[in-house]
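The values are calculated or read from the model by the stated rules, or taken from the named source; none is laboratory data. All values derive from a computational prediction rather than experimental measurement. With ideal geometry, Cβ positions are generated from the backbone for all residues, glycine too; neighbour counts draw on all protein chains shown.
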Amino acid sequence: MRLFTQFLAICALTLVAACGSDPAPAPVAKGGPALWQVQRGEMKGWLFGTIHVLPKGVAWETPTISEAMAKADRLVLEAADLQDEEKTLALFESMGRSPGLPPLDRRVPEEEQAALNKAISDGGTSTQLLSGYESWAAAMLLSAATQQGLGVSQDDGVEPVLIATFKKAGKPIGGLETIERQFGAFDTLPQAAQSRLLVQTVHEAKDMKGLYDRILKAWTTGDMDAIAKEDENGEQPDPMVEEAVLVARNRDWVKAIEPMKGAPFIAVGAGHLTGRENLIELLKARGFAVTRVQ
């Protein structure tokens, strides 16, 4: 289920309105989200695992996180242009559509068609609408539609708070990649891999609320073992998809981090910090000292 966190990272960007009704405010649990100090040579910064969409009222900013942000000299996100909704939607439309595509239900095995149609109906969208998109983009939109009952929003996620804090302090904000690179990881997948991704999205839709609730609890308590366990449980992602969407990007991010100096506050999705060739392991392999501080 490792792709679930990636879908929350990207699919929320395709939603203009907040999803669902607002749940009661949820204070952060004891301990707070995981934070590491990362050091090598002239760089001594921080690595923070985020959730990109949250319910309203999650008080995740602990004194330790606030102190790290105050000491940092800049913010480094997955992609600095993630918050540019107009650009993101335009790229999604241009990269996610192709002419002459077959109907969506013809792109999955016959035995999966009924489940696909149910997930589409439950999400409040339509086969006709999604059929205009390539399978990877249709999977994202279907996942986003399924999230509508979760009561979560990108506006309540971690990144807007980080951006506002660093902007107020007059500190620069950069990215490890571009949103075009993020979408490109999916867009370059072979059709067979895209179809398997669509099928897995349908399967995950059946228990998305339960899965999100478990991940949220683990994240707010800094329980990376629990997040890793969710990654390992259930259906595993297609190896080709995992390589393109998670592992290859982690490798690229290490290359972007290596020349950094000073005190960057690096914030990436928590799903990149567990599992095979996760960002922490890759940094350690390049000689970085990575120390858990929260």
With the structure loaded, tell me whether residue 217 is assigned to a helix (DSSP H, G or I) and closer than 21 Å to residue 72 by Cα or whether it fails that test. no
Quick one: how many residues across segment 61-85 are in contact with a strand residue (DSSP E or B) (Cβ under 8 Å, 6 or more places away or on another chain), modelled with pLDDT of 95 or more and of a type outside the set (A, V, I, L, M)? 3
Quick check on segment 198-206. Is at least one of its residues without any contact (Cβ under 8 Å) to a residue 24 or more places away in the chain, surrounded by fewer than 22 Cβ atoms within 10 Å (Cβ to Cβ) and assigned to a helix (DSSP H, G or I)? no
I'd like to check which helices (runs of 4 or more DSSP H) are fully inside segment 48-151 and have at least 2 residues that are without any contact (Cβ under 8 Å) to a residue 60 or more places away in the chain, at negative phi and loosely packed, with under 15 Cβ neighbours inside 10 Å. 63-71, 85-96, 113-122, 127-130
Only residues that are more than 30 Å from residue 149 (Cα to Cα) and among the basic types (Lys, Arg): list them for segment 41-88, please. 44, 71, 74
Got at least one residue in segment 189-196 being over 23 Å from residue 152 (Cα atoms), within 16 Å of the chain's Cα centre (by Cα) and in a helix (DSSP H, G or I)? no
Which one of these does residue 151 not meet: (1) farther than 21 Å from residue 96 by Cα; (2) at pLDDT 90 or above; (3) more than 16 Å from the chain's Cα centre (by Cα)? (2)
Out of (1) assigned to a helix (DSSP H, G or I); (2) in contact with an Asp or Glu (Cβ under 7 Å, 6 or more places away or on another chain); (3) under 23 Å from residue 200 (Cβ atoms); (4) not aromatic (Phe, Trp, Tyr), what's the single condition that is false for residue 275? (1)
Failed item, numbered, when residue 293 is tested on (1) touching a strand residue (DSSP E or B) at 6+ places or on another chain (Cβ under 9 Å); (2) among the β-branched types (Val, Ile, Thr); (3) crowded, with 16+ Cβ neighbours inside 10 Å: (3)
On the basis of being at pLDDT below 60, of a type in the set (A, V, I, L, M) and surrounded by fewer than 18 Cβ atoms within 10 Å (Cβ to Cβ), does residue 12 make the cut? no
Give the residues of segment 176-188 that are assigned to a helix (DSSP H, G or I) and either over 15 Å from the mean Cα position of the chain (by Cα) or small (Gly, Ala, Ser) (or both), sorted by residue number. 184, 185, 187
Taking into account only those residues within segment 28-67 that are of a type in the set (Phe, Trp, Tyr) and under 26 Å from residue 209 (Cα atoms), which is nearest to the chain's Cα centre (by Cα)? 48
Of (1) in contact (Cβ under 8 Å) with a residue 60 or more places away in the chain; (2) outside any strand (DSSP E or B), residue 267 fails just (2)
Identify, please: which residue in segment 231-242 is over 15 Å from the mean Cα position of the chain (by Cα) and part of a helix (DSSP H, G or I) and is, among those, nearest to residue 217 (Cα to Cα)? 232
Restricted to segment 263-287, and to residues that are surrounded by fewer than 22 Cβ atoms within 10 Å (Cβ to Cβ) and more than 16 Å from residue 176 (Cα to Cα), which residue is nearest to the chain's Cα centre (by Cα)? 275
Take residue 256 and decide whether it is in a helix (DSSP H, G or I), closer than 28 Å to residue 211 by Cα and of a type outside the set (Ser, Thr, Tyr). no
